[in-house]
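Below you'll find the structure, written out as structure tokens, and then a few comments.
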Amino acid sequence: MTSNTRPIVGLHHVTAIASNPQRNLDFYTQVLGLRFVKKTVNFDDPGTYHFYFGDDQGRPGTILTFFPWPHAMRGQRGAGEVVETAYSIHPASLAYWQQRLATLGVATHTTERFGEAVLQLEDPDGMPLALIASDLSAGQAEAPRFADVPAQHALRGFHSVTMVQRDADRTAALLAKMGFLEQQREGNRIRYATEGVAAGHQLDIVLDPAANRSRLGAGSVHHIAFRAVDEQDQQEWLALLGREHVVSPVMDRDYFRSIYFREPGGVLFELATDAPGFAIDEPLESLGEQLRVPAWLNSHLQQIEQALPAVTLTKRSTEEVL
Ligand code: ZN
């Protein structure tokens, strides 16, 4: 890290592939109690949706996004990909989530890592998720406005992601440059973390020299994005990372500006700015309720909406606590 490049504090968002859009929307809002913070299209393929879920405010470090491709085949887990996305929960919320998921028919498995309880589950496309009971959880828990999860049990932003790699050395060198340093090891799992306690400040590599190459599909993570403080910071990272990696030019994603590069093990990394955020094109009060498209597609909004499969956002409230 050069002296003028500010350290990365943690993850900004995780983007994955789903199949059925309605099933994806229902699972993340009604089962996990996340807020639907944006209904838009894939800017590179406006005939398909891009869904964003997050905390009530849509803060960086809580955002899980999906490309729901109705005919997507399931992906295959393997090396060079993120194989688990974990949110933090308060340690006292573990029993709540075990009970809630059981009641809703979601199978779970409880294990332990680095002294923390880990509740593993899969989404309807087989995407591996975990809820990790952590005192370190930085994101404040806020009542999900349209979900029946009580405030104290709400997901508190990302805990970490886990990548599988055949060899960690070159990836670890890049992570170190980005401010993620090795903290501890447990079996073949290595934990890296930045300083501070921002949501998503941790990242694990599971070493598996014999792992097959992954195959992208429904239930796979497409890329992970880290936080850049602002556009100037992003430019500095672009210059620094560009010395050793092929980095894309800055792309305007409406809700943030992004650069992309592939880490040596094969995972697509993005560096996204915190600003301008999800309230740039609709009020915070009604995030996710209407289809939003970038300005250059606005004149085609109606045709785009008609061509997309219709989805319904069901709002619940903490009055109907499960
Ligand atoms: Zn992204």
Point to revise | Check on Arg156, touching a His at 6+ places or on another chain (Cβ under 8 Å), open to solvent by 10 Å² or more (accessible area, probe 1.4 Å), of a type in the set (D, E, K, R) and at pLDDT below 95 | key: yes
Review point. Leu284: in contact with a Lys or Arg (Cβ under 9 Å, 6 or more places away or on another chain) and either within 21 Å of Ser248 (Cα to Cα) or of a type in the set (A, V, I, L, M, F, W, C) (or both), yes or no?
Key: no
Review point. Leu291 is checked against (1) surrounded by fewer than 18 Cβ atoms within 10 Å (Cβ to Cβ); (2) farther than 15 Å from Phe43 by Cα and fails just one. What number does that condition carry?
Key: (2)
Practice item. Being under 30 Å from Arg215 (Cα atoms) and either in a helix (DSSP H, G or I) or away from the ligand (no atom under 14 Å from the Cβ) (or both) is the filter here, so list the residues in the stretch 263-293 that pass it. Key: Glu263, Pro264, Gly265, Gly266, Val293
Point to revise | Condition met for Pro91 (touching a residue at least 40 places away in the same chain (Cβ under 8 Å), out of contact with any strand residue (DSSP E or B) (no Cβ under 7 Å at 6 or more places or on another chain) and open to solvent by 20 Å² or more (accessible area, probe 1.4 Å)) | key: no
Review point. Somewhere in the stretch 30-38, is a residue among the basic types (Lys, Arg) and either open to solvent by 20 Å² or more (accessible area, probe 1.4 Å) or without any contact (Cβ under 8 Å) to a residue 40 or more places away in the chain (or both)?
Key: no
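Would you point out the residue of the stretch 247-262, among those that are open to solvent by 10 Å² or more (accessible area, probe 1.4 Å) and near the ligand (Cβ under 10 Å from one of its atoms), that is farthest from the chain's Cα centre (by Cα)?
Across the stretch 247-262, the extreme among qualifying residues is Met251.
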Check your understanding: In the list Tyr28, Tyr49, which residue meets the criterion of being closer than 20 Å to Ala154 by Cα and among the hydroxyl-bearing types (Ser, Thr, Tyr)?
Key -> Tyr28
Practice item. Go through the stretch 205-225 residue by residue and tally those that are under 17 Å from the mean Cα position of the chain (by Cα), crowded, with 18+ Cβ neighbours inside 10 Å and small (Gly, Ala, Ser). Key: 4
Study note, to complete from the structure: Filtering the stretch 1-48 for residues that are closer than 21 Å to Phe269 by Cα and touching a helix residue (DSSP H, G or I) at 6+ places or on another chain (Cβ under 9 Å) leaves a count of 9
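So, in the stretch 226-246, of the ones that are open to solvent by less than 30 Å² (accessible area, probe 1.4 Å) and outside any helix (DSSP H, G or I), which residue ends up farthest from Thr85 (Cα to Cα)? Spell out how you get there, then give the answer.
Of all residues in the stretch 226-246, those open to solvent by less than 30 Å² (accessible area, probe 1.4 Å) come to 226, 228, 233-234, 237, 240-241.
Add one more test, that the residue is outside any helix (DSSP H, G or I), and what stays is 226, 228.
Numbers: Phe226: 14, Ala228: 20 Å.
Only one residue fits best here, namely Ala228.
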Point to revise | the stretch 57-73: number of residues that are surrounded by fewer than 24 Cβ atoms within 10 Å (Cβ to Cβ) and of a type in the set (Phe, Trp, Tyr) | key: 2
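The values are calculated or read from the model by the stated rules, or taken from the named source; none is laboratory data. A quick note: this is a predicted structure, and the numbers were derived from the prediction, not measured. Glycine gets a Cβ as well: all are built from the backbone with ideal geometry, and neighbour counts include every protein chain shown. Remember, those area values only see protein heavy atoms, side chains included, never the ligands or the DNA or RNA. Shrake-Rupley method; radii C 1.70, N 1.55, O 1.52, S 1.80 Å.
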